[in-house]
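What follows is a set of notes on a single structure, which appears directly below.
The numbers here are math on the coordinates, done by the rules we state, and not lab data. Note that this is a predicted model, so its numbers are computed, not measured. Glycine also receives a Cβ, built like all others from the backbone with ideal geometry; neighbour counts cover every protein chain displayed.
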Amino acid sequence: MDNEQPTGGWADGLDFVPDPAAKQHALEEFATYLNPQKVRVMRAAGLDIIEAQRSGPWVWDLDGRRFLDCFTSAGSFNVGRRNPRVVAAAHAALDRLDHGNFLLCSREKAELAAKLAEITPGDLSCTMFGTGGGEAVDFAIKLARGSTGRPRIVSSVNGYHGHTGFALSAAGREAFRQPFEPLMPEFVQVPFGDPDVLAVAVDEHTAAVLLEPVQGEGGIVMPPPGYLAAVRAACDRAGALLILDEIQTGLGRTGRWWASEHFGVVPDIMTIAKSLGGSLVPISATVFTEDLREFMIPNPFIHLSTFGGSDIACAVALEVIAVMEETDLVAHAAAMGERLFTGLRSIAEARPEVVAEVRGLGLMAGIEYSEDSMGPRMSYHLARHGVLAIYSGNQPAVMRLMPSLVIEEAEVDFLLEALDRAISDLVSGAGPEEPTPTRPRRRPVRPVAAAG
């Protein structure tokens, strides 16, 4: 089985002409003008894909091959690739809107903020919009420091919150931080899942604790029972705020609207991004309590984002939420997640020499392999069987499976069959073949007019 998939998904046929030569040209240009090492790494993993057609849970390479997308840009495509309703909403928005003037009040911003207040837990009711997850986390940290008057932010080892200024300082991976040090002061990392160590770190100097309810980039790491409740209690004792980063885990990914709902914990600040844009537009949101908004009243322009929550993006995001509500997509994700985990656990039981552990919630699954080298090798073998899946940057032994929430039973079964076959290939010693090095082209020399 060498990427020979049955037809299925929202588009059974191709609506483009496969062009391997155009694909190679695109890869060469990417290597020359953007990032040659990314091309080398993706080629070695069998994922040197140039996305062409995109539909539902599927993506087609420009050479004509079809892949079940189980990376989904780290969980950005919950409602599917080019969901027809969301695409129609985007077209309608383009017919009458643009980004909008960010200094003026906006009907679209107001409507989306009101909807977020309705669907987020507890007393979260106020919103600041941005363009991406890192920006949302940056504002969450600014809001925590500004409203408490305290400097310290406690985050977790192997946590991931983006690569912007404050967010990078909270990153739990040294490789992300070290080249840019010195970073912002008063950032402390503690082990994820150890409430006693965290309780010691949270004191009268702490503005907030910043955590993912389930670590994504860290390798789909689940919190131990009672951990998030203990974190909430530690924050309350010290008068610190709790920031939950739901950028990967939110909007139905774990089979609930928000992963925090599984643990009965409500944060003071929540960050949302990725799937809020419906795979079409960049948008993020930092949602917080009305009490914290008091800091903004004397400082209404203390955080500005020219394109954050643009009128077009807000119109698209409203349709994303409408699609999720009207199709009961969260419950569907929970049901498909049960089917997926039943199959994953069966494979793990049958293949203990390869699969050490299966963990996660809903359609956020992590497969921990027996050794680090298996992560990259399994990306290669899964690609050969029509599945796009990428091992975790923080934990190479862990494969993340985060398909679009619109995935159906037959597509879950396709994924499980592909995984079983890929493991057989791995055990047999097949591939990956040594890739041909990509040599970046020289930048073309522009003619210079003679002086005078």
Taking the alpha-carbon distance from LYS142 and a cut-off under 17 Å, which aspartates and glutamates remain once sequence neighbours fewer than 8 residues away in the same chain are dropped? GLU186, ASP245, ASP268, GLU290, ASP291, GLU294
Per DSSP helix of 4 or more residues, -39500 (n - 2.57); summed, then divided by the residues of the chain. What does that give at 222 nm, rounded to the nearest 500? -11500 deg cm²/dmol
Amide H neighbours of SER125 at under 5 Å, excluding residues fewer than 5 places away on the same chain, with H built from the backbone geometry, are PHE288, THR289, GLU290
Tell me the angle of helix 107-119 to the major Cα principal axis of the chain, expressed in degrees between 0 and 90 and rounded to the nearest ten. 90 degrees
What's the exposure ranking of CYS105, CYS126, CYS70, going from fewest to most Cβ atoms within 10 Å? CYS105, CYS126, CYS70
Would you kindly derive the ³J(HN,Hα) couplings of region 79-93 from the backbone phi angles with the Karplus curve 6.51 cos²θ - 1.76 cosθ + 1.60 (θ = phi - 60°), listing them in order in whole Hz, with x for Gly and Pro? 8, x, 6, 6, 3, x, 5, 5, 4, 4, 5, 5, 4, 5, 5
Any idea what angle helix 20-33 forms with the longest principal axis of the chain, computed on alpha-carbon atoms, 0 to 90 degrees, nearest 10? 40 degrees
If you rank TYR391, TYR33 by fewest surrounding Cβ atoms within 10 Å, what's the result? TYR33, TYR391
For 337-343, 268-274, 213-219, 285-291, ranked highest to lowest by mean beta-carbon neighbours within 10 Å, the order is 268-274, 213-219, 285-291, 337-343
Set of aspartates and glutamates with alpha-carbon distance to LYS38 below 14 Å, sequence-local pairs under 8 removed: GLU28, GLU29, ASP48
Tell me the angle of helix 133-148 to the major Cα principal axis of the chain, expressed in degrees between 0 and 90 and rounded to the nearest ten. 10 degrees
Which order do the peptides 292-300, 51-59, 245-253 take when ranked by the mean count of other beta-carbon atoms within 10 Å per residue, highest first? 245-253, 51-59, 292-300
Counting only DSSP beta bridges with both residues in region 84-326, what percent are antiparallel, rounded to the nearest 5? 45 percent
Return SER404, SER424 ranked ascending by Cβ neighbour count within 10 Å, so the fewest neighbours appear first. SER424, SER404
About its Cα centre, how strong a charge dipole does region 228-283 have in debye, to the nearest 20, once Lys and Arg get +1 and Asp and Glu get -1 at the Cβ? 100 debye
